[in-house]
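A short write-up of the structure that comes next.
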Amino acid sequence: MPSVTEEISLSTASPEDTERFGAIVAECLPAPAVLGLRGPLGAGKTCFVRGFASGLGIDPDQVCSPSFVYLVEYEGGRETLVHADLYRLGDMSPEACETALIDIGLLEAIQGSGLTVVEWWEYYRGEIPERFVSVEFSIETAEDRAVKLSFHGDGMTTVASKLRERLAKDDSG
């Protein structure tokens, strides 16, 4: 895995706050890049993806967790968004999981030129992308979530700096 270049930690106070944060991340993240989301059920992963889609100019109402289809592609924004959910791969052997990732097209999407967001990243089997953001969610209270982003790869220090500036602007505005 490329080394961690930057980390950002913050809290969100509602699903809407998590969506707003996802939109800000999308505004700051150029393609190609992959985001790997981790966290327990109900931690806000899909809320984040809805916001991320919105930040790309994609209708967030189209976005739902693709648990049963594994992968959905959304077009119509400044970038195409590939959204994958690997929850159901958790019980598979590593070999079967790797085959499934190829079959659903995720490995191809990760190597592509767009933006890919993967829920349940811990079930991913394959090479870590060159430009990667690990996004870890934890539940603090019924509404509050802790979110930690770790940026890996070329140019990601600049992305993290841009995100910090945008978050500071959002907090002051």
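The numbers here are math on the coordinates, done by the rules we state, and not lab data. Bear in mind that the values here come from a model prediction, so they are computed numbers and not experimental data. All Cβ positions, even for glycine, are placed from backbone atoms using ideal geometry, and neighbour counts span all protein chains on display.
Would you work out if region 102-172 is rounded, prolate or oblate? Take a ≥ b ≥ c from the square roots of the eigenvalues of the alpha-carbon gyration tensor; rounded if a/c is under 1.5, else prolate when a/b is larger than b/c, oblate otherwise. Could you put the intermediate results ahead of the total?
Working: a/c = 2.59, a/b = 1.38, b/c = 1.88.
Oblate shape, in that a/c is at least 1.5 and b/c is the bigger or equal ratio.
Taking the Cα centre of the chain as the origin and placing charges on Cβ (Lys, Arg +1; Asp, Glu -1), which of Pro15, Met92, Ser65 is farthest toward the positive end of the dipole?
Checked the options; the winner is Pro15.
Please give, to one decimal in nm, the separation of the simple spin-label points placed at Glu7 and Thr99, each 7 Å out from Cα toward the Cβ.
3.8 nm
Of the residues Pro30, Pro40, Pro129, which exhibits the maximal mean-square fluctuation in a Gaussian network model of the chain defined by a 10 Å Cα contact cut-off?
Pro40
So for region 4-172, taking the charge dipole from beta-carbon charges (+1 Lys/Arg, -1 Asp/Glu), which of Leu35, Ala53, Ala146 sits furthest toward the positive end?
Result: Ala146.
Any chance you could run the full-extension gain for Glu127 through Met92? It's 0.36 nm times the residue separation minus the Cα-Cα distance, nm to one decimal. Mind dumping the intermediate values first?
Details: separation 35, 0.36 × 35 = 12.60 nm, distance 1.81 nm.
That works out to 10.8 nm of additional length.
Restricting to the chain, compute how many DSSP beta bridges are antiparallel as a %, nearest 5. It would help to have the intermediate numbers written out before the result.
Working: 20 of 35 bridges.
The answer is about 55 percent antiparallel.
Can you give the Kirkwood hydrodynamic radius for the chain, in Å, rounded to one decimal and based on Cα pairs?
On the way: mean 1/r = 0.0625 Å⁻¹.
Kirkwood hydrodynamic radius for the chain: 16.0 Å.
By how many nm would the segment from Gln62 to Ser113 grow when fully extended, if each residue of separation counts as 0.36 nm and the alpha-carbon distance is taken off? Present the calculation step by step, with values, prior to reporting the outcome.
Working: separation 51, 0.36 × 51 = 18.36 nm, distance 2.20 nm.
16.2 nm is the gain from fully extending Gln62 to Ser113.
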